[in-house]
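Undergrad: This structure is in structure tokens; I'll ask about it shortly.
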4 protein chains.
Amino acid sequence: MKVSVLGAAGYTGGELLRLVHTHPELDLVQAVSRRYAGRPVAEVHPNLHHLGLTFQPPQELSPVDTAFLALPSGASAEVEAGVGEVAGTIVDLSPDFRAGASSASGETYRTGLPELYGDDLPGAARISVPGCMATAAVLALAPLRRAGLVAGDAVVDARTGSSGSGAEPGPASHHAERGQAFRVYRPTGHRHETEIAAHTGVRARMTVTAVPAVRGVQVICHVTPPEPVTRRDVLRVLQHAYRDRPFVRVVARSRGVHRLPDPQFLSGTNFTDVGCAVDEDGRRIVVVAALDNLVKGAAGGGVQSLNVARGLPEQTGLEFPGLHPA
Amino acid sequence: MKVSVLGAAGYTGGELLRLVHTHPELDLVQAVSRRYAGRPVAEVHPNLHHLGLTFQPPQELSPVDTAFLALPSGASAEVEAGVGEVAGTIVDLSPDFRAGASSASGETYRTGLPELYGDDLPGAARISVPGCMATAAVLALAPLRRAGLVAGDAVVDARTGSSGSGAEPGPASHHAERGQAFRVYRPTGHRHETEIAAHTGVRARMTVTAVPAVRGVQVICHVTPPEPVTRRDVLRVLQHAYRDRPFVRVVARSRGVHRLPDPQFLSGTNFTDVGCAVDEDGRRIVVVAALDNLVKGAAGGGVQSLNVARGLPEQTGLEFPGLHPA
Amino acid sequence: MKVSVLGAAGYTGGELLRLVHTHPELDLVQAVSRRYAGRPVAEVHPNLHHLGLTFQPPQELSPVDTAFLALPSGASAEVEAGVGEVAGTIVDLSPDFRAGASSASGETYRTGLPELYGDDLPGAARISVPGCMATAAVLALAPLRRAGLVAGDAVVDARTGSSGSGAEPGPASHHAERGQAFRVYRPTGHRHETEIAAHTGVRARMTVTAVPAVRGVQVICHVTPPEPVTRRDVLRVLQHAYRDRPFVRVVARSRGVHRLPDPQFLSGTNFTDVGCAVDEDGRRIVVVAALDNLVKGAAGGGVQSLNVARGLPEQTGLEFPGLHPA
Amino acid sequence: MKVSVLGAAGYTGGELLRLVHTHPELDLVQAVSRRYAGRPVAEVHPNLHHLGLTFQPPQELSPVDTAFLALPSGASAEVEAGVGEVAGTIVDLSPDFRAGASSASGETYRTGLPELYGDDLPGAARISVPGCMATAAVLALAPLRRAGLVAGDAVVDARTGSSGSGAEPGPASHHAERGQAFRVYRPTGHRHETEIAAHTGVRARMTVTAVPAVRGVQVICHVTPPEPVTRRDVLRVLQHAYRDRPFVRVVARSRGVHRLPDPQFLSGTNFTDVGCAVDEDGRRIVVVAALDNLVKGAAGGGVQSLNVARGLPEQTGLEFPGLHPA
């Protein structure tokens, strides 16, 4: 299956190149970048040095089966129609077509979250991958909501590494300011609240902190249940919800130092780890979810969704298990 | 004023040595450590190399005006009576005498938090400094509670650096496991909840994460007000509460990248920075507070309290403003 | 091919589990750990959660084709004979059989460095993988030495992450001390000097610094050539030496920010990246080499050597290309 | 003594504001910044929040005793003459007047390194502070050179945090690229080689690596002595050289984990720590030096030099001892 990656010099674009390269059914035709056209991919993505790739200009798109769009907000909507002429399928990682936003071309985008929308995806020609923090929060909250364990709003404390804001330098990403930061840059009103509500029905009151990490998203969801519950109740709900889902691991150990989901072990993987705890009085559920924003929260979610759309085994090309220590 | 520091080889002990050294009214008589007795202080605290100090054994305590106890939980209660024989005043940094716990000797401990208990401290001979995360949460929540802005429980998301668990190595502090960790090690049931309730009357539902930092505590307090409020309302409450308090800075900027309290700028200082935001519908208040757990949350809080107890200017010896960049 | 891993709870042991799992020709029979026998592997290596493995006690070794020994210094020599009874092949990652040290059993160990000893490995039944810093320095220096570019001793400045000293906690690895450290813990006399001399004939004067990283080794080799040379000369030597070696990449870019080998992009991979520069007067060659100490410097080097020993394609099971950003 | 700081929004400018504020003999008249004129200093330097300062435009310089220039390369030379009209003394932190470069105004600049040039400084009206890596290397090498212990060139391996390249964002300082970097960005030909030669007579062959730190410079100087020496010989030379110098500490412990200079303990301080080791055969001396590039390597060096120039005790305003843990 021939694919191209637009926005290949960005971080999610680089992850797509990496994943496509190791995917046995995908064949990279073009790594497209306006800014870096003609230059070696390795100059930007040194991990891919041995592949010997060169960025291609966007003016000369080859016909492909699937085009991945790893473009900034707004840019996907702009190029969508043109890309649609050379690519049967579009997998978009931007916010442009998420949560019911309609495409410029009038095409209907399916949500690239197989854990919730697996039945919608087979045969899909337009797929939009949800936001990284939204993905984590949705996978944490959806099973609880379905099980009737969510009364009222949820408080969602989200922490994000620096790669989430992309490859473009600026004052907020300057290392001397960002290296040790615990910067509550969006205490209220984050746009992923809308996506969470759309996918779970839960009003999430988010607070987002930029933390000293490059990759990784971790969300702590504080949920009030209608009646007191036990940790065991919640665990059973999560385990049941994800019993057949290869990329969601329920992690809630009672021993060792790594008892709840920690993004440090998820870099490069397509997993979302989900775990939980409950206050002694049973009146607050704490659900912790973690993922790699560039993989499960973007490129990997896209490849996983394409696998499902094309009837391939869902895990194809996404087997990297992550590292310990990290 | 002659002082000694017991537990001087620990992290809060080292901070006491540093602060006492630069304090114009305090004169260090002994840096006491059982384990390191006879060895140079610089072997443990390399920053103090130029002071040429040596650790003293606990068997030979000299008479002093004030003894600082920087000992592990349980050890303060054990030595308290003996220390009381050579020291008129005891400032304790351990949990042993906090939040109403009575001392073995029957002495009454005042709470070493001048922002709330400034009137109790003058003349005090026994002072117990509250826990570091409790201090941050209390300074965030107390003014709101007094202003009637807290309905129901608060969710307190706390992040802590590794120095908070002391100088003793173990599996949880091993660098290869801890270096990149976002480890939710106490999702519920942290003991500081009790202290917060005792000092503010608010039931705090805490979740504590060990984060990739050495120093620093940051708490995000999610509070539901009885009626919708604005950010301006909350800001006014905080500014009023701390208008005369030299060590609490209300930080809520509208420009720049550092708009809310970030512990990275507080290392070595006695400040608590406090800021806030409010959801658009006015139904959730987010208060962010940050401090250095070893200073304001321990050694600095102790020195500040002693200053107040002895009628010295509150800021004496605590002037270091912190670094930028950090 | 059935394999077992002894010392599976350590860091190189965990990497072996990861690599064996994804290796199409290797089948894990036992993950052996004395200390953790009976406990889930995921408690120690959370990245392997989904594999559902349990540690086995060393008392009950099953017969296997190959046993990997990921044991501390001294322990391999101790168990070698016993393991030899159940395993046809032993791949040892410890220092016990390196650089000509003879085994307790009298068996001859081949050096697990296919780039230098590829011809010795086919059919080998005993393989000893060189030290991680030695591997990096040897791959940097050997081609220069062979090309006659090394006059006199070399200065080797080595930097190492914390995982290199293993999973056992202690004062040197305590996060609060190690997190920001640039600790020159072995300014002279590192034991890898012997290995470098044995494999290249160059007297390396090493200085080793523990740096703020978990994985990764980087060496800067300062070499005096007998006659002035150019960067181009040196580059040609390196490129020629490694033109057919899949795991050594010559990285010496003239553009971008990542021009020379940086271990941050090698985590999890079996690559050694090698690059160079030359002083304007041609009288000093600087060769930079980087690798992941747990992979190419240990577990991956072992798997690669076993691949060569068994006539499998050298890269089998070692395809992970690393991440960018990291 | 009235002072102003030009370039006050930069990192060395911010350090000057901090140091001037706590200096008992200096009184800040203006914090000047072209870009941020009219905005609160705390927006840029959040540590100085409580000072309530505002940046002033460069068009309205008030008369002062001393102007500190914390400007980018080239800018000092441009404004020098104008500043000279309102300030009797200029202390410059840029490269513009270093190592014998003559000023535009024809004024003679003294070198702001009291450890070497203490006799030149009293009464000086123009002072130029050397580069941060040069300062570290010079303090490491000068005593050895004077003692006849340096034969031939020295290899200088320098590591630097990100604050050394200033507050201006760019691709090289983007957090996702820089956060975990060991980037050998200047393997040869660094301009500080010239300064080192000028101040010590030693040809330093430098290799500079950008490392995962914000503050801090560490240099490892590899020196070949004319005859074999012992560590004791070298230590004696260093101790003698710095016996009366308050800001150079000879650190060479035989116990504990912190035996040689580590920049992590020097953040915010004006110290340079210097230590050494010698190969067993006595034929290589390793000297390690560390400092905070923004303090001893810039702002603090400037204040120290001004103290000497004005006959104040050298340590005035520079007493902060640094933190442990860091």
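Undergrad: Among DSSP beta bridges lying fully in the protein assembly as shown, give the percent that are antiparallel, nearest 5.
TA: The antiparallel proportion sits near 45 percent.
Undergrad: Ranked from the most accessible area to the least, with a 1.4 Å probe and all protein chains present, what is the order of B:M1, A:M133?
TA: Ranking B:M1, A:M133 by accessible area, largest first, yields B:M1, A:M133.
Undergrad: Let me ask you something else. Which residues does a label at A:E25 reach in the stretch A:115-150, if reach means a backbone N under 11 Å from a point 7 Å past the Cα toward the Cβ?
TA: A:123
Undergrad: I want to check the label-to-label distance for C:E280 and D:V86. Put each point 7 Å from Cα in the C-beta direction and report it in nm to one decimal.
TA: 3.8
Undergrad: For the stretch D:89-170, what does the convex hull of the Cα positions come to per residue, in cubic angstrom?
TA: In the stretch D:89-170, the Cα hull volume divided by residue count equals 137 Å³.
Undergrad: For every other residue with a beta carbon closer than 12 angstrom to the beta carbon of D:L53, add +1 if it is Lys or Arg and -1 if Asp or Glu, then tell me the sum.
TA: +1
Undergrad: If you don't mind, there's one more thing I want to ask. Near B:L69, within a Cβ-to-Cβ distance under 12 Å, what is the net charge of the other residues, with Lys and Arg +1 and Asp and Glu -1?
TA: -3
Undergrad: If contacts are Cα pairs under 8 angstrom and at least 6 residues apart, what is the relative contact order of chain A in percent?
TA: Over chain A, the number comes to 18 percent.
Undergrad: Hey, another quick one. Per residue of B:151-157, count partner chain C-beta atoms within 10 Å of its C-beta, then hand back the mean as an integer.
TA: 4
Undergrad: If the label for D:K2 sits 7 angstrom from Cα along the Cα-to-Cβ line, what are its distances to the same label in every other copy, in nm to one decimal, shortest first?
TA: 4.8, 7.5, 8.9
Undergrad: Suppose R0 equals 51 Å; then what is the FRET efficiency for D:K2 and B:A125 from their Cβ-Cβ distance, rounded to the nearest 0.05?
TA: 0.65
Undergrad: Taking the full set of protein chains and a 1.4 angstrom probe, give the accessible area of B:D27 in square angstrom, rounded to the nearest 10.
TA: Result for B:D27: roughly 80 Å² accessible.
Undergrad: Next question. Taking every DSSP beta bridge with both residues inside chain B, roughly what % is antiparallel (nearest 5)?
TA: Roughly 45 percent of the DSSP beta bridges within chain B come out antiparallel.
Undergrad: Using the C-alpha atoms of the stretch A:21-171, what convex hull volume per residue, in cubic angstrom, is computed?
TA: Output value, Cα hull per residue: 163 Å³.
Undergrad: Still on this model: Near D:K2, which lysines are there with a Cα under 26 Å away, not counting those fewer than 8 places off in the same chain?
TA: Partners within reach: D:K296.
Undergrad: Please state, to two decimals, what the Cα-based radius of gyration of the stretch B:213-326 comes to when divided by 2.2 N^0.38 Å (N = residues).
TA: That ratio works out to 1.14.
Undergrad: Sticking with this structure for a sec: Measuring from a point 7 Å out along Cα→Cβ, what nm distances, shortest first, does D:A104 have to its partners in the other copies?
TA: Going from nearest to farthest copy, the values are 4.9, 7.1, 7.6 nm.
Undergrad: For the stretch C:192-261, just the Cα atoms, rotate onto the principal axes and tell me the three extents in Å, largest first.
TA: The principal-axis extents, from largest down, are 31, 30, 26 Å.
Undergrad: Grab the other residues whose beta carbon is less than 14 angstrom from that of C:V129, score K and R as +1, D and E as -1, and report the net.
TA: Result for the local shell: -3.
Undergrad: Kirkwood hydrodynamic radius of the stretch B:2-108 from all distinct Cα pairs, in Å?
TA: It works out to 13.8 Å.
Undergrad: I've got another one for you. At a 1.4 Å probe radius, carbon and sulfur cover how many percent of the accessible area of the protein assembly as shown?
TA: Result for the protein assembly as shown: 46 percent of the exposed heavy-atom area is carbon or sulfur.
Undergrad: May I pose another question? If each label sits 7 angstrom from Cα along the C-beta direction, how far apart, in nm, is D:A75 from its counterparts in the other copies?
TA: 3.1, 5.0, 5.6
Undergrad: Consider all pairwise Cα distances in the stretch B:48-112 and report the whole-number % of them above 18 Å.
TA: Across the stretch B:48-112, Cα pairs with separations above 18 Å total 38 percent.
Undergrad: Helix-derived [θ] at 222 nm for chain D: sum -39500 (n - 2.57) over DSSP H runs of at least 4, divide by residue count, nearest 500?
TA: Using -39500 (n - 2.57) per qualifying helix, the result is -7000 deg cm²/dmol.
Undergrad: May I pose another question? Treating only the Cβ atoms of Lys and Arg (+1) and Asp and Glu (-1) as charged, compute the dipole magnitude of chain C about its Cα centre; round to the nearest 20 debye.
TA: 880
Undergrad: Quick one: compute the contact order of the stretch C:233-319, relative version, from alpha carbon pairs under 8 angstrom and 6+ residues apart, as a percent.
TA: Taking the mean separation of contacting Cα pairs over the length of the stretch C:233-319, I get 23 percent.
Undergrad: When N counts the residues of the protein assembly as shown, how does its alpha-carbon radius of gyration compare numerically with 2.2 N^0.38 Å, as a ratio?
TA: With N residues counted in the protein assembly as shown, Rg over 2.2 N^0.38 Å equals 0.91.
Undergrad: Let me ask another. Over the Cα atoms of the stretch C:132-293, each weighted equally, I'd like the Debye log10 I(q)/I(0) at q = 0.09, 0.10, 0.13 Å⁻¹, rounded to two decimals.
TA: -0.29, -0.35, -0.59
Undergrad: Is any residue of the stretch D:19-53 close enough, with backbone N under 19 Å, to a label point placed 7 angstrom from the Cα of B:R255 along the Cα-Cβ axis, and if so, which?
TA: The answer is D:31-53.
Undergrad: What percent of all Cα-Cα pairs in chain D falls in each 20 Å bin, counting up from 0?
TA: Bins of 20 Å from zero give 33, 58, 9, 0 percent of pairs.
Undergrad: Looking at the stretch C:132-293, send over the antiparallel percent of its DSSP beta bridges, to the nearest 5.
TA: 70
The values are calculated or read from the model by the stated rules, or taken from the named source; none is laboratory data. Treat the numbers as computed from the prediction; the structure is a model and nothing was measured. Cβ sites come from the backbone with ideal geometry, for glycine too, and all protein chains shown count toward neighbours. To get the accessible areas, we keep the full protein, side chains included, count just its heavy atoms, and leave off ligands, DNA and RNA. Shrake-Rupley method; radii C 1.70, N 1.55, O 1.52, S 1.80 Å.
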